[in-house]
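The values are calculated or read from the model by the stated rules, or taken from the named source; none is laboratory data. No experiment lies behind these values; they were computed from the predicted model shown. Counting neighbours? That spans all protein chains shown, and the Cβs are built from the backbone with ideal geometry, glycine included. Heavy atoms of the whole protein, side chains included, go into the accessibility calculation; ligands, DNA and RNA do not. Shrake-Rupley method; radii C 1.70, N 1.55, O 1.52, S 1.80 Å.
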Amino acid sequence: PTSGPAPAAKPGLLGRIMGRTAEPRRALDDEMLESLEELLIAADMGVETALRVTANMAEGRYGRMMSASDIKDLLATEIARVMEPVARPLPIYRKTPQVVLVVGVNGSGKTTTIGKLASQFKAAGKSVVIAAGDTFRAAAVEQLQVWGQRAGVPVLTAPEGSDPAALAFDAMGRAEAEGADLLLIDTAGRLQNRADLMEELAKIVRVIRKKDPDAPHNTLLVLDATTGQNALNQVEIFQKMADVTGLVMTKLDGTAKGGVLVALADRFGLPIHAIGVGEQIDDLQPFDPQDFANALVG
Ligand code: GDP
């Protein structure tokens, strides 16, 4: 085991600006606002969103002398304000079974998120069925089966390479027959084959609508925080392929602070239903704008 001092915490956004000056207070002037903008952009917030946040900070306060902690609080408050309208848990409707289609690129954390969601809803007394709709990836199917066992939830599978829409249709039948509250459908995430994937997702939707014209009731897009700005492209791509109704951002337990979520909230206004903070079954949390903003500002 190594001894010695614990590693210093990674400086937050503000530590890096205020660290440059010995003055206890600084004016909220153009220089300060520009430094803040740069930091926000470097944190994946995007230019437009960074400008909006700093403009809101300056409103009615321009030129005011502020301490580092004043600026930090103000910045976190303004970021939280952008995020508040999108912080919404996954809604549960009366109508059952509620069908949730889960989309996202491979590796984003779809399988893991489905396992965590299944476990949470099961613990809340809901009956849940999972459909392993990524029938082309044997590993994804196996992993879902493991998650299903952990959560105590049945996982419907189909032979490798078979039609995911047929599986989704059967899963609807099973969920209805069992009186399940929730059906979670995993999907493929092969972005390199975009036209195929689009057709596959469209077919799943077409087929499940034969059972329930309102299905899917939610289409969750799972995004990986470590992909940074790329998350913006992924939202655009998946919105073209499916009617995305909400987001889950995974891997916020690592060094990635998910600044791109602020840009996403500002640009798309899609609800953020939950965040992934680890690989274990309980590592899915509701999205809390103030906690998120505080962690981002650091
Ligand atoms: P899929 O290909 O989209 O189904 O992605 P997986 O669910 O298989 O996840 C890909 C990898 O990311 C796995 O090693 C997961 O354990 C890991 N992972 C998923 N969510 C999180 C999270 O919130 N935090 C961390 N640290 N790892 C995660």
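Does the range 177-188 contain at least one residue that is within 16 Å of the ligand (Cβ to nearest atom), within 22 Å of the chain's Cα centre (by Cα) and either of a type in the set (D, E) or open to solvent by 70 Å² or more (accessible area, probe 1.4 Å) (or both)? Checked the range 177-188: at least one residue is within 16 Å of the ligand (Cβ to nearest atom), within 22 Å of the chain's Cα centre (by Cα) and either of a type in the set (D, E) or open to solvent by 70 Å² or more (accessible area, probe 1.4 Å) (or both). Only one entry in M45, M32 is in contact (Cβ under 8 Å) with a residue 12 or more places away in the chain, over 21 Å from the mean Cα position of the chain (by Cα) and open to solvent by less than 10 Å² (accessible area, probe 1.4 Å), namely M32. For beta carbons closer than 9 Å, sequence separation of 6+ or different chains, a first residue in the range 97-117 that is of a type in the set (A, V, I, L, M) and a second that is modelled with pLDDT under 95 and near the ligand (Cβ under 7 Å from one of its atoms), the qualifying pairs are V103/G189; V105/G189.
Scanning the range 235-276 for residues that are within 16 Å of the ligand (Cβ to nearest atom), in a helix (DSSP H, G or I) and in contact with a helix residue (DSSP H, G or I) (Cβ under 8 Å, 6 or more places away or on another chain) yields V235, I237, M241, V260, L261. If you check L117, L51 for being among the hydrophobic types (A, V, I, L, M, F, W, C), modelled with pLDDT of 95 or more and open to solvent by 70 Å² or more (accessible area, probe 1.4 Å), only one passes: L51.
Based on this model, can you work out whether G148 counts as within 24 Å of D224 (Cβ to Cβ) and part of a loop (DSSP other than H, G, I, E, B)?
Numbers: within 24 Å of D224 (Cβ to Cβ): yes; part of a loop (DSSP other than H, G, I, E, B): no.
So G148 does not fit the description; no.
Quick one: which residue in L232, L221 is surrounded by 14 or more Cβ atoms within 10 Å (Cβ to Cβ), away from the ligand (no atom under 14 Å from the Cβ) and not charged (D, E, K, R)? Walk me through it before giving the result.
Working: L221 fails: away from the ligand (no atom under 14 Å from the Cβ).
Only one candidate passes the filter, namely L232.
The set of residues from the range 120-140 being farther than 20 Å from I92 by Cα and either assigned to a loop (DSSP other than H, G, I, E, B) or at pLDDT 95 or above (or both) comprises A132, G133, D134, T135, F136, R137. Only a single item in (1) farther than 30 Å from K210 by Cα; (2) open to solvent by 10 Å² or more (accessible area, probe 1.4 Å) is not met by Y93, and it is number (1).
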